[in-house]
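The values are calculated or read from the model by the stated rules, or taken from the named source; none is laboratory data. Quantities reported herein were computed from a predicted structural model and do not represent experimental measurements. Heads up, the Cβs are rebuilt from the backbone with ideal geometry, glycines too, and the neighbour counts pull from every protein chain shown.
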Amino acid sequence: MSRSAGVPVRWRLPALAAGALALLAGLYTGLLLLGAAVPAPAAAVEQVHGPLMVFGFVGTLIALERTTALGTRWALLAPACSGAGALVLVTTGPNLAGKTLLMMASVVLLGICRALWGRQPSTALLAQASGAFGWYAATLLWLAGYAIAELVPWMVVFVVATIAGERLELAHVAIRDRHAERWFLAVLAAVLAGATASTLWPASGAHLFGAGLLAVTTWLAVFDVARHTVQAKALPRYIAAGLLAGYGWLTLAGLLWAGAGTTLQGPRYDATLHAVFLGFTMSMIFVHAPVILPAVLRRPLPYHRVLYVPLVLLHASLLVRVGLGDAAGMDRVWRWAGVVNVVAVLAFAACAVTVSWLRRAPTEVPRAAATSRPTAVVAGP
């Protein structure tokens, strides 16, 4: 019996549905923040746009994937809590119950990492546990009264450490440098130290945090197999293209933090956040979906060239948003580019559902995909 057999697919569906609702709510609140002509709800849900997207959506996906990897039913508490927390935030805005549920999800995710560590300790799993700790730290600070803008470094630690850990797991196949894991631990420590410093000493700590992100992207540029598989065809090339584009956006965010320091509002804040959470994280989700869906739902998502359309649309619209909207101060362009960001995410969801429905295939992971990602897939993005 496979490990995933311990958690029936039907048990995962409610959490996945809650994550999907969190995504839709996050996109809707994004439109509210852009000033789009959409109905405004009674609750101030636009105030929780970031937590909805990062913890309600991405966090639920990652928790579901980790639950599938562990194969024990108690692990479902993680995606259940994150999904429920997102739904509470959607209906009532920022409140104690929603924040507490999101924090509980991170605690259970740390427990999942501990259980997986008991099976097979690894540096990659340590990085994923560091990501779960970033989630915990962010929600704990939120409960303590910190503003969401002040939580951003820890939210970034969650997605970056988790995804970097997954990429390290793959890199074992191709790494020839015996010091690679030591370098990885060093860059991971730099990111965690930078996030800590940004909380304790915001004015100077953000520079250190940015330097840590640049160290992570440097490691990925040197050791990630994406720079080789981008020359392949079909799914491996699609995954590699999305990864490399995402690393470019993460580099930009690192440069902005390292060079300009902390920012809590304005165009630079918009550019930095969306470089990480749209350009990097959402790109990871797009390109790993053909493997995540079979692993979590036992439902195939065969690769198709149409998947490039939303991927290109995402990066092109984000480039316009950051380059012309944020940097050049073209407010109307910024607003329309943000709307296209939303369209790109919805377009990917539509393409994925359509391809999965029309092109049924065996639920096993494609052999080509196995050369493009680690055994345990992360959405992370």
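Return the residues of the stretch 41-64 that are touching a residue at least 12 places away in the same chain (Cβ under 8 Å) and surrounded by fewer than 24 Cβ atoms within 10 Å (Cβ to Cβ); say none if nothing qualifies.
43, 44, 45, 46, 47, 49, 50 - these are the residues of the stretch 41-64 that are touching a residue at least 12 places away in the same chain (Cβ under 8 Å) and surrounded by fewer than 24 Cβ atoms within 10 Å (Cβ to Cβ).
Pick from 361, 328: which is in a loop (DSSP other than H, G, I, E, B), at pLDDT below 95, surrounded by fewer than 17 Cβ atoms within 10 Å (Cβ to Cβ) and in contact with a Pro (Cβ under 7 Å, 6 or more places away or on another chain)?
Exactly one of 361, 328 is in a loop (DSSP other than H, G, I, E, B), at pLDDT below 95, surrounded by fewer than 17 Cβ atoms within 10 Å (Cβ to Cβ) and in contact with a Pro (Cβ under 7 Å, 6 or more places away or on another chain), namely 361.
Hey, could you check the stretch 14-33 for residues that are surrounded by 21 or more Cβ atoms within 10 Å (Cβ to Cβ) and in contact with a Gly (Cβ under 8 Å, 6 or more places away or on another chain) and say which is farthest from residue 81 (Cα to Cα)?
Applying the filter and picking the extreme gives 30.
Just to be sure I understand, how many residues within the stretch 189-226 are surrounded by fewer than 22 Cβ atoms within 10 Å (Cβ to Cβ), small (Gly, Ala, Ser) and at pLDDT below 95?
Adding up the residues that qualify gives 4.
Anything in the stretch 98-131 that is of a type in the set (Gly, Ala, Ser) and not in a helix (DSSP H, G or I)? List them, or say none. Step through it out loud before you land on a result.
Residues of the stretch 98-131 of a type in the set (Gly, Ala, Ser): 98, 105-106, 111, 115, 118, 122, 124, 127, 129-131.
122, the sole residue that qualifies.
Residue 271 fails exactly one of the following numbered conditions: (1) in a loop (DSSP other than H, G, I, E, B); (2) on the phi < 0 side of the Ramachandran plot. What is the number of that condition?
Residue 271 satisfies all of (1) in a loop (DSSP other than H, G, I, E, B); (2) on the phi < 0 side of the Ramachandran plot except (1).
Need a quick list: helices (runs of 4 or more DSSP H) entirely within the stretch 132-227 having at least 3 residues that are of a type in the set (Phe, Trp, Tyr) and out of contact with any His (no Cβ under 9 Å at 6 or more places or on another chain).
It comes to 202-223.
Can you give me the number of residues within the stretch 297-311 that are outside any loop (DSSP other than H, G, I, E, B) and more than 16 Å from residue 349 (Cβ to Cβ)?
Residues in the stretch 297-311 being outside any loop (DSSP other than H, G, I, E, B) and more than 16 Å from residue 349 (Cβ to Cβ): 1 in total.
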